1. Condition first: of a type outside the set (Ser, Thr, Tyr) and either touching a Ser or Thr at 6+ places or on another chain (Cβ under 6 Å) or more than 18 Å from residue 21 (Cβ to Cβ) (or both). Now tell me which residues in the stretch 36-60 satisfy that.
2. I need every pair where a residue in the stretch 264-288 that is at pLDDT 95 or above has its Cβ under 6 Å from the Cβ of a residue that is among the acidic types (Asp, Glu), sequence separation at least 6 or different chains.
3. Of the numbered conditions (1) of a type in the set (A, V, I, L, M); (2) touching a Pro at 6+ places or on another chain (Cβ under 9 Å); (3) crowded, with 17+ Cβ neighbours inside 10 Å, residue 118 satisfies every one except a single condition; which is it?
4. Considering only the stretch 72-83, I want to know if a residue exists there that is among the acidic types (Asp, Glu) and either within 24 Å of residue 262 (Cβ to Cβ) or more than 15 Å from the chain's Cα centre (by Cα) (or both).
5. Please count how many residues of the stretch 20-53 are surrounded by 15 or more Cβ atoms within 10 Å (Cβ to Cβ), of a type in the set (S, T, N, Q) and more than 17 Å from residue 216 (Cα to Cα).
6. Within the stretch 174-183, which residues are assigned to a loop (DSSP other than H, G, I, E, B), in contact with a strand residue (DSSP E or B) (Cβ under 8 Å, 6 or more places away or on another chain) and in contact (Cβ under 8 Å) with a residue 40 or more places away in the chain?
7. Among the residues of the stretch 138-166, how many are surrounded by fewer than 17 Cβ atoms within 10 Å (Cβ to Cβ), of a type in the set (S, T, N, Q) and touching an Asp or Glu at 6+ places or on another chain (Cβ under 8 Å)?
8. In the stretch 224-246, is there at least one residue being modelled with pLDDT under 95, surrounded by 15 or more Cβ atoms within 10 Å (Cβ to Cβ), part of a helix (DSSP H, G or I) and more than 19 Å from the chain's Cα centre (by Cα)?
Amino acid sequence: MPIYRYGLLLLMFIAVPVFAVPSVIKIPKPQADSKDAQHYYTELLRQALIKGATGRAVPELMETSVMEQGRAIHELNRGAIIDVYWMGTNTEREQQLRAIRIPLDRGLIGYRRFIIRADRQAEFNNITTSADLKRLLGCQGLDWPDVDIMRASALRVTEVAVLEGLYQQVVAKRCDYFPRGFYEAVPELSQRRVAYPELMEYQHLVLHYPFAIYFFVRRDNEELAQWIERGLEHMIDSGELLAFIKSHPLTSHVFPLHKNSLPSRTIHIANPFMPGDTDYTNARYWFQPADFSAVTE
């Protein structure tokens, strides 16, 4: 082969970066109060890697450091401490990172039940509209996309850096309610029954906005993104993703959904921070409001 062809091949090799999926994929360590959620997402990631392997060796998962969402975005872009992270999405995050745009709980996280002080039930019985809710102060986590969503609808929100602090704020009456995803309040309150006996899940009111938790990787790590995406799509086709959601301890208690139907007082607000091409009506990926009343289990 002529020398110039060797040079051309060398230039082609240099010019095209190859991001091979490593044998070990780094993920964050769980916070002390989020081990159930950690198991849900790590096990789902593991299954997606297995299903999307197409004959390749499946990488191991290694927990590295505890981190909040703001730092996780930075570390994903650096690519040194973590390779995959799961978090609520918005347009900015999808511009900064490579999102695998498959809702990991079929959008259940966007149906919010309230954690309140038990002695305030009568007050919440009078909340019927978003205008009523605007008089109260909600708690949300620091850097959570929910903060911007609620404020865009003129709902008052205060931010707290640590999950445990959100419960403490409600107990201390520094905020009036803490909206949690449809399945989150029950296990979290069960873990804290002794520490916070004053708290309860208020089941007669739901705040809903379109929302999703996705897996994210570094923006240029397309090979890993496609591997995970292929695995999740396979799990949808086989029914394994829905079966996983129905059976995992984090989410299983809300099924069948028709037995946990949405209350008549469901307040719907917009989410202007989701990419405009997100199709919430696609039943392949998203639960629909009708799923909470129809016997489809």
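1. Hits for the stretch 36-60 are 36, 37, 38, 39, 43, 59.
2. 273/148
3. (3)
4. First, pick out the residues of the stretch 72-83 that are among the acidic types (Asp, Glu): 75, 83.
Cutting the leftovers down to either within 24 Å of residue 262 (Cβ to Cβ) or more than 15 Å from the chain's Cα centre (by Cα) (or both) gives us 75, 83.
The answer is yes, given that some residue of the stretch 72-83 is among the acidic types (Asp, Glu) and either within 24 Å of residue 262 (Cβ to Cβ) or more than 15 Å from the chain's Cα centre (by Cα) (or both).
5. 2
6. 176, 182 - these are the residues of the stretch 174-183 that are assigned to a loop (DSSP other than H, G, I, E, B), in contact with a strand residue (DSSP E or B) (Cβ under 8 Å, 6 or more places away or on another chain) and in contact (Cβ under 8 Å) with a residue 40 or more places away in the chain.
7. 0
8. no
The values are calculated or read from the model by the stated rules, or taken from the named source; none is laboratory data. In this text the structure is predicted, and so the values were computed from the model without any measurement. All Cβ positions, even for glycine, are placed from backbone atoms using ideal geometry, and neighbour counts span all protein chains on display.
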